[in-house]
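Have a look at the structure below before the remarks.
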Amino acid sequence: LKVTCPGAAPAISLASAPPPLPARFAAMAPGTNGQALAESAILKSYKDSGDVVGICVSGGLDSKTVALRMRLAGVKVKCFTADIGQPDEVDISDIPKKMAPCGVETIVVDLKDEIAEGAFETIACQASYDGGYWQSTGVGRYVTARGLLREMKKHGCTVLSHGATGRGNDQVRFERYVNVMDPNFKVYAPWRDATLLDEFPGRSQMMAFLEKHNIGHQIVSQAKKRYSTDANILGLSNEAEDLESMETPMTIVNPVMGVWPKDAPDRQEEVTFRFEHGRCVAMNGKAMNPLAVLNEANKIAGRNGIGISQALENRILGTKSRGVYEAPGMELLAKALECVYQAVLDRRSTALFHSLSRHIADQIYDGRYFDPSTRVAINAIWELAQPANGTVKLGLYKGHAHFLALTECPHSIYFEADSSMEASEGLNPVSSQGFLEVSSVEAKAMAKAGLIDSDSVWTKRRKVA
């Protein structure tokens, strides 16, 4: 499922009212083999109850197949796509044109500002998931579900249809988000409908179905791309097909948002960031809003080979999934902000921050962004980020971001005099004697009680075994 979504910007319809169902789409419309289509009990219930189904579409093969199949079943449908700044989508306005032959109206909902805000929040929380995955899909799904559900209601829809499969994370995310935002709004998953799964076990059956109804679909050659991609302005998730084998190198991926480090320039590029309360408000001295910051960070980090990673992530359903991720801007902005956090957070605040960050990352990944515990944790992060003001300069070179300087950071608790190894007016080394005498009381007590084992843990385990 490929979707695009951002803020509360007004939705725009890029297609005229849906044309009447052509005569060739008769009630007993033929399927892929010329026989009448089987009846889906779920779709029949929507038809009988007068439900209007809002379909999340990308203009691809699945979207066309599902939209046409529902119309042939007599279901009222409207299609929606979210503009969340997908870097692999040449022109979002092409999607309504691709869907029009199926006799449906497609509404594009601009959510780029909303997803940029989601990116800023994720960066502030340092909420990356397993192996450094910057939650491009996790954030994208709550932004998309919220934005499209809101728009679907405006157009009289009573059911949200998504294209997620029955094996991945997205089915959980979409359905949970709809459930928590409106428990009375129905959700339909075509690829969990036994009737449709039987009719369309693969892409060839979908193609035959569309051709039967004189609807064209051009499949871009996949000769050089042996994996699937999900993308938005936060980054790309590349997975499946050849990437499922652990013997396939991650380097088969052709970066979309940047380059591999080896292909980056042979010179260091310096970039400065201004943070206020944990939010980047300017880059290289130019004030910007979140969307502009994210776009600029993506460009700069991408061309320097920043933000490409691989992970074996733990899926919601308990399986593992291999992914090769691109998130140049997210990685760069998070690295810069981390430099400020290190200066302003004390030891215990840092420990609390890491605990909250992990919880938020898990919640976003699991489709629980709107849950109470997530909201409380995010609020706590923003409180900890209040003193995170500073200007950071980094040097980018072939996939690396090197710290160069931190200035204008008034709440920094780093003082050179206290930390210096040289004689200074800071902490008096002699005063440490009393601290060590106090701490030795506990150490000696544990030793006398026989609670200390100084042998190698690994060696001892081997002897026991």
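The values are calculated or read from the model by the stated rules, or taken from the named source; none is laboratory data. Keep in mind that this is a model prediction, so the values were computed, not measured. Virtual Cβ from ideal backbone geometry, glycine too; neighbours counted across all protein chains shown. Ligands, DNA and RNA are excluded from the accessible area calculation, which covers all protein heavy atoms including side chains. Shrake-Rupley method; radii C 1.70, N 1.55, O 1.52, S 1.80 Å.
Of all DSSP beta bridges confined to the chain, the antiparallel ones make up roughly 70%. For the chain, the carbon plus sulfur part of the accessible surface works out to 53%, probe radius 1.4 Å. What the Cβ-Cβ distance of Trp260 and Lys97 gives, at R0 = 30 Å and to the nearest 0.05, is a FRET efficiency of 0.30.
Going toward the positive end of the dipole of segment 126-203, with +1 on Lys and Arg Cβ and -1 on Asp and Glu Cβ, which of Gln171, Trp191, Val143 do you reach last? With unit charges placed on the Cβ atoms, the residue in question is Val143. The label-point distance for Lys299 and Arg461, in a model that sets each label 7 Å from Cα toward Cβ, rounds to 5.1 nm.
The separation of segment 305-369 from segment 432-465, counted between C-alpha centres, amounts to 34 Å.
Taking every protein chain into account, the accessible area of the chain amounts to 49 square angstrom per residue (probe 1.4 Å). Remark: relative contact order (the chain) = 16 percent; criterion is Cα-Cα distance under 8 angstrom and separation of 6 or more residues. Taking a Cβ cut-off of under 15 Å around Leu291, the surrounding Lys, Arg, Asp and Glu residues balance to a net charge of -3, with basic ones at +1 and acidic ones at -1. Each residue of segment 67-72 was assigned a 3J(HN,Hα) from its phi angle through the Karplus expression (A = 6.51, B = -1.76, C = 1.60, θ = phi - 60°), giving 4, 5, 4, 5, 4, 5 Hz with x at Gly and Pro.
Using only side-chain charges placed at the Cβ, +1 for Lys and Arg and -1 for Asp and Glu, the dipole size of the chain relative to its Cα centre rounds to 1300 debye.
Placing +1 on the Cβ of every Lys and Arg and -1 on the Cβ of every Asp and Glu, with no other charges, gives segment 34-175 a dipole of roughly 660 debye about its Cα centre. Here is the list for segment 252-331: trypsin sites (Lys or Arg not before Pro) lying in DSSP coil, each with at most 10 other C-beta atoms within 10 angstrom of its C-beta, are Arg267.
If you take the Cα centroid of segment 405-429 and the Cα centroid of segment 111-168, the two points sit 43 Å apart.
Using C-alpha pairs under 8 Å with a sequence gap of at least 6, the mean separation divided by the residue count of segment 385-463 gives a relative contact order of 16 percent.
Based on DSSP H runs of at least 4 residues, each adding -39500 (n - 2.57), what is the mean residue ellipticity at 222 nm of the chain after dividing by all its residues, to the nearest 500 deg cm²/dmol? The helix contribution divided over the chain gives -12000 deg cm²/dmol. If you sort Asp453, Asp266 by accessible surface, 1.4 Å probe, largest first, the order is Asp266, Asp453. Sites listed here are trypsin sites (Lys or Arg not before Pro) in segment 149-257 whose DSSP assignment is loop and whose Cβ has at most 16 other Cβ atoms within 10 Å: Arg167, Lys224, Lys225, Arg226.
Taken about its Cα centre, segment 235-351 carries a charge dipole of about 500 debye when Lys and Arg each add +1 at the Cβ and Asp and Glu each add -1 at the Cβ.
Once fully extended, how much extra length lies between Asn184 and His354, figured as 0.36 nm per residue of separation less the alpha-carbon to alpha-carbon distance?
The span from Asn184 to His354 would gain 57.5 nm if fully extended.
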